[in-house]
Amino acid sequence: MAAISLTGVSKTFTDGTVAIAGLTLEIGDGELLAVLGPSGCGKSTVLRIVAGLEVPTEGQVAIGDQVVTEVAPGARDLAIVFQDYALYPHLTVFDNMAFPLKAKRMKRRAIDQRVREVAALLGIEALLHRRPRALSGGERQRVAMGRAIVRSPSAFLMDEPLSNLDAKLRVQLRSEIRTLHRELGATFLYVTHDQTEALTIGDRVAVMRRGRLQQVDDPQQVYDFPANLFVAGFIGTPPMNLLLAPVEQEKGHQVARVGNWRFPLPEGVQASEIVVGIRPEHLGVPGFLHGYESSSAQEVTVLETETLGSVSLLHFPIEVRPVLLRDDASSSSFVVGDSPTVVIAAADAQARIAAGSRVAIAADVSRARFFDAQTGAAVGQRRPVSTTPCVKAL
Amino acid sequence: MTASAVVLGPRPSGRWARRLSAVIIVAGVVAVLLPLAWMLSTSLKPESQVFRSPIEWIPSTFRVENYSEAVTLIPFWRYALNSLIVTVPVVIGTVLTSTAVAYAFARMRAPGLRPLFFLVIAAIMLPAEVTLVPSFLLFKELGWVGTYSPLIVPAWLGGGAFNIFLLRQYFLTIPREQDELARVEGHSFLSILLRVIIPQSWPAISVVAALTFVDVWNDFLGPLIYLTDQKLYTLPLGLNFYKDIYNTQWAHFMAASLLALLPCIVIFFLAQRAFTQGVVLTGRR
Ligand SMILES: Nc1ncnc2c1ncn2[C@@H]1O[C@H](COP(=O)(O)OP(=O)(O)O)[C@@H](O)[C@H]1O
Ligand SMILES: [Mg+2]
């Protein structure tokens, strides 16, 4: 078992692609860290650098208290699970799982025993004599996990291990991986572009964009207190509404005003404009918005509704300028668009609001987040996550 | 080559295209088989009936003794053994070294490797005649003329540009993650070649082995240039003695030629089996 730490790691490929820039990241001993980010942001490169398959251009990698930056992959005591599993088509499941043990020059009998033990743990004993191409996607995934587990490595590196599976199986295997992590007690580095997967599986989540680390926090904190506009816009489906609002004085306090909604700002805001971030579930129809500190409502015209069963997503325009995330190569992650902004509210489906109707929408202003309109960084104190539950157990 | 090209090529889509390709295949097969049929028929005729006109495809009198006589008129088995002595080490050397070089080109990352590979590719375009004189001078300098060394040793030095190219392209179809997994698991570069790459590459390796065998077994020019002692002659050289000494014994010549051809036919048959087996094994199509 070992902690993994990256210090000031950068990777520039020979063709000039900067895959990672100045990454410092610590994965605690026995922790499951999920690395999350859009495709091409450098997640796989991080994993490959930890594995030793890529050598960083700059910086240092340590496993436990040993610096391994120059150590060969095979000497790092790690296991990898790839998205495509990379099982050997010419070998049976048994031989695939035994393959890493052969490198250790283990005795045949010891290999046999260990492979069967792990196969039993994963419930794949019946598949041992089959070839990979005779397996379903889920079975291949389990074999790949088994192949990683047999060596009892100190850390597991997983690169989108569930991305080739259908949604239902993904949910099931997600919880299996969590259980496995608990039972093995090993350090896991889990790379995914799927935010649900990252949030549900990770002890902590590291969010990346274009080779740079944006935030590392526990999943709830990442969701509740995004460190910047990129994280705010990336996490959550539908994402947080991001509105550029003027800063005004009201009764001696600074507020950001969006129509009738007034969001009280944290102390010390200097700017004349600020980005307000409010999640769809914190906007709603008064009377259906339970127990929130709601502001005064404002009348809007609903353009469109999407029914999700428990909630109904209402799309409506508001006369402020939107903040839009950019997906291109620019260094800035956002750009201010033209008014109006189409805001999304997740209203209780029981309110039964039809497209075209005019409704009053209230905002739970205490749940709004604020971001600097120039840098995109979060403004104001980030509350520590309360360890005491808000609702007391009966 | 013709046969494999037909099997591997894309399927023609239209009905006319299919008919046309059928006609071409039949024409090709006839063109290949006709001389063979003539050889077979001639090898079974009495010498006096060989050039009867019109051609008698089925001899009026069968003379099976041609075969037993053919192998005693010249030291046939001696030449066959010599051919084996040259061919087997060449095939082994070619397969081993071209596999190793192709693996390096497919998987190693080193500065200068890419230009080097293009140099190898360029060597494919080079006609063999161009290198004939310089290599002869080189082997003469080494004192190898008159021995098998000039025929065998070069095969152990890379195994030929085309073979390297063919194997490299095949190795590239094996996902790199398979190597990387093995590396992380502690397997060495050589262990990965032996346990991961080669077991999945039998189709390509057997093609290289079979083509090399046939090439070297039938090689006339190489032995002609480098072999001086008749005792060392290989079959393609030895078969000429039916012409020189006995005023061309066509029936015996054809009987011996067919016998000499037999190993090539067997090799092709085996290679074809290995080829299809390999495809099934890896599940790649
Ligand atoms: N071997 C390579 N050579 C050049 N560029 C590469 C190489 N591997 C990855 N990249 C580039 O580096 C960036 C990060 O890639 P990657 O780590 O695979 O992203 P992710 O896994 O987050 O999708 C991408 O722009 C990708 O194109
Ligand atoms: Mg990736």
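Condition test on A:Glu26, is it part of a strand (DSSP E or B) and of a type in the set (Asp, Glu)? The answer is yes for A:Glu26.
Sub-6 Å Cβ pairs linking a first residue in the range A:96-109 that is more than 16 Å from A:Ser152 (Cβ to Cβ) to a second residue that is crowded, with 17+ Cβ neighbours inside 10 Å and at pLDDT 90 or above, at least 6 apart or interchain, are A:Asn96/A:Leu87; A:Asn96/A:Tyr88; A:Asn96/A:Arg147, ordered by first then second residue. For the range A:203-211, indicate whether the set of residues that are within 30 Å of A:Glu117 (Cβ to Cβ) and away from ligand 2 (no atom under 16 Å from the Cβ) is non-empty. Yes: one or more hits. One residue stands out among those in the range A:37-66 that are within 14 Å of chain B (Cβ to nearest Cβ), within 12 Å of ligand 1 (Cβ to nearest atom) and of a type outside the set (A, V, I, L, M, F, W, C): the one that is farthest from A:Leu325 (Cα to Cα), which is A:Glu54. The numbered conditions (1) within 16 Å of ligand 2 (Cβ to nearest atom); (2) modelled with pLDDT of 95 or more; (3) within 14 Å of chain B (Cβ to nearest Cβ) are all true for A:Ile20 except (3). Highlighted here are the helices (runs of 4 or more DSSP H) found entirely within the range B:150-242 that include at least 2 residues which are more than 14 Å from chain A (Cβ to nearest Cβ), touching a Leu at 6+ places or on another chain (Cβ under 6 Å) and over 30 Å from A:Gly74 (Cα atoms): B:221-226. Filtered by the rule that a residue be away from ligand 2 (no atom under 14 Å from the Cβ), hydrophobic (A, V, I, L, M, F, W, C) and farther than 18 Å from A:Phe188 by Cα, the range A:24-59 gives a lone residue, A:Val55.
Taken together, A:His253, A:His282 contain a single residue that is assigned by TED's automatic domain parsing to the domain that holds A:Arg367, touching an Asp or Glu at 6+ places or on another chain (Cβ under 6 Å) and farther than 30 Å from A:Leu25 by Cβ, which is A:His282. The condition of being of a type in the set (Asp, Glu), within 23 Å of B:Ile192 (Cβ to Cβ), within 14 Å of chain B (Cβ to nearest Cβ) and over 29 Å from the mean Cα position of the chain (by Cα) holds for only one of A:Asp95, A:Asp159, A:Asp77, that being A:Asp95.
Here is a yes/no grid of residues against (1) aromatic (Phe, Trp, Tyr); (2) modelled with pLDDT under 85:
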position	(1), (2)
B:Ala37	no, no
B:Arg52	no, yes
B:Ile55	no, yes
B:Ala70	no, yes
B:Val86	no, no
B:Ile92	no, no
B:Phe105	yes, no
B:Arg114	no, no
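Out of B:Leu119, B:Leu142, B:Leu137, one residue alone is under 30 Å from B:Pro203 (Cα atoms) and either assigned by TED's automatic domain parsing to the domain that holds B:Pro35 or out of contact with any Asp or Glu (no Cβ under 9 Å at 6 or more places or on another chain) (or both). It is B:Leu119. Go through A:Ser10, A:Ser39, A:Ser5 for me and flag whichever is surrounded by fewer than 21 Cβ atoms within 10 Å (Cβ to Cβ), hydroxyl-bearing (Ser, Thr, Tyr), on the phi < 0 side of the Ramachandran plot and within 17 Å of the chain's Cα centre (by Cα). None of the other options fit; the residue is A:Ser39.
State whether one or more residues within the range A:103-126 are within 32 Å of the chain's Cα centre (by Cα) and facing chain B (nearest Cβ under 10 Å). No, the conditions are met nowhere in the range A:103-126.
Would you check if there is a residue in the range A:232-249 being crowded, with 18+ Cβ neighbours inside 10 Å, under 17 Å from A:Gln374 (Cβ atoms), at pLDDT below 95 and of a type outside the set (A, V, I, L, M)? Checking the range A:232-249: at least one residue is crowded, with 18+ Cβ neighbours inside 10 Å, under 17 Å from A:Gln374 (Cβ atoms), at pLDDT below 95 and of a type outside the set (A, V, I, L, M). Applying the criterion of at least 2 residues that are touching a Lys or Arg at 6+ places or on another chain (Cβ under 6 Å), under 19 Å from A:Ala245 (Cα atoms) and among the β-branched types (Val, Ile, Thr) to the strands (runs of 3 or more DSSP E) found wholly in the range A:301-380 leaves A:334-336.
Residue-level analysis places A:Leu101 outside the set of residues that are in contact with a helix residue (DSSP H, G or I) (Cβ under 9 Å, 6 or more places away or on another chain) and within 16 Å of ligand 1 (Cβ to nearest atom). Tell me yes or no: at least one residue of the range A:183-198 is buried (at least 22 other Cβ atoms within 10 Å of the Cβ), within 14 Å of another protein chain (Cβ to nearest Cβ) and of a type in the set (Phe, Trp, Tyr). No, every residue in the range A:183-198 fails to be buried (at least 22 other Cβ atoms within 10 Å of the Cβ), within 14 Å of another protein chain (Cβ to nearest Cβ) and of a type in the set (Phe, Trp, Tyr).
Taking every residue in the range A:1-21 that is closer than 14 Å to A:Arg210 by Cα and touching a residue at least 12 places away in the same chain (Cβ under 8 Å) and pairing it with any residue that is basic (Lys, Arg) and within 12 Å of ligand 1 (Cβ to nearest atom), at least 6 positions away or on another chain, the pairs with Cβ-Cβ distances below 7 Å are A:Ala19/A:Lys11; A:Ile20/A:Lys11; A:Ala21/A:Arg212.
The values are calculated or read from the model by the stated rules, or taken from the named source; none is laboratory data. The structure displayed is predicted, hence computed values, not measured ones. Cβ coordinates were reconstructed from backbone atoms using ideal geometry, including for glycine residues, and neighbour counts include every protein chain displayed.
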